[in-house]
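Visitor: Quick one: the structure is below, and I'll ask about it shortly.
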């Protein structure tokens, strides 16, 4: 992972959030900086209060994180790394509570949707909270034996809760991918190894523009691993795309593909080039 001199990494959420856990896993020994929003985490880096920001971009179950697609292109930050964090939900409760005493489970709506088997088997009423760590904090403050939280093991440690059950998520592959962002971009010459390049583009509003724009990646042998479309500026004809591809812009094949893409695009911006995470490489080898 790239380093920044400050040793501080910002994330959205309260202490104990999965983004906090991702920061600690990717950058052990760094100080994590909780922020109230994605905008605040980005601002912390832009204003020099943090060297990096850990921003979730997609989850294997819930899909993309729309706010990141909207904010990142104009944030002034560059993607300098990626991190994959396995989401391991725990059932947390205050001391004295047990499975038999629980009636309600509090958490973020996405997390609650990922533990439906648990809610059904224990006959727990789901209660929506702003985030997983916030649910853990609330339960710890409230006390009692009828309310539990769905959150991380780190949240249990921070807020002094008991772990009644571990790994209560329905799907074992539940994983969140993060962009690691910095004010300073990684630039060539790049070291040997496996790299990923992320960029956004907006195709011209003409027939077959997307087909022609992406053709250069096929003819130049460039593997595209992600392509997301989303509306910008409230215009139904102004669709922007965020893409990840294998490789570096200084490689001939990707350089030619990006040149062809720019010809058919009204706007093309490279967000960053960074090392491929080991999980990406492992999954690639498994296919």
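Visitor: Could you say which residue among 130, 155, 140, 171 is buried (at least 21 other Cβ atoms within 10 Å of the Cβ) and either under 21 Å from residue 59 (Cα atoms) or more than 25 Å from the chain's Cα centre (by Cα) (or both)?
Guide: 155
Visitor: So for region 246-268 (the condition being under 30 Å from residue 20 (Cβ atoms), surrounded by 12 or more Cβ atoms within 10 Å (Cβ to Cβ) and touching a helix residue (DSSP H, G or I) at 6+ places or on another chain (Cβ under 9 Å)), does at least one residue qualify?
Guide: Yes, that holds for at least one residue.
Visitor: Can you say whether residue 118 is outside the structural domain of residue 32 (by TED's automatic domain parsing), part of a helix (DSSP H, G or I), out of contact with any strand residue (DSSP E or B) (no Cβ under 9 Å at 6 or more places or on another chain) and in contact (Cβ under 8 Å) with a residue 40 or more places away in the chain, as far as the supplied structure shows?
Guide: Here the answer is no, as residue 118 does not meet what is asked.
Visitor: Here is a further query. With respect to residue 135, is the statement that it is assigned to a helix (DSSP H, G or I) and under 20 Å from residue 23 (Cβ atoms) true?
Guide: Answer is yes for this residue.
Visitor: Please pick out the residue among 187, 243, 209, 148 that is without any contact (Cβ under 8 Å) to a residue 60 or more places away in the chain, touching a strand residue (DSSP E or B) at 6+ places or on another chain (Cβ under 9 Å), surrounded by fewer than 21 Cβ atoms within 10 Å (Cβ to Cβ) and over 29 Å from residue 283 (Cβ atoms).
Guide: After applying the criteria, what remains is 209.
Visitor: Could I ask something else about it? Looking at 72, 92, 102, which is the one that is modelled with pLDDT of 95 or more and buried (at least 21 other Cβ atoms within 10 Å of the Cβ)?
Guide: 92
The values are calculated or read from the model by the stated rules, or taken from the named source; none is laboratory data. All values reported here derive from a predicted model rather than from experimental measurement. Because the Cβ atoms are built from the backbone with ideal geometry, glycine has one as well, and the counts that use them run over all protein chains shown.
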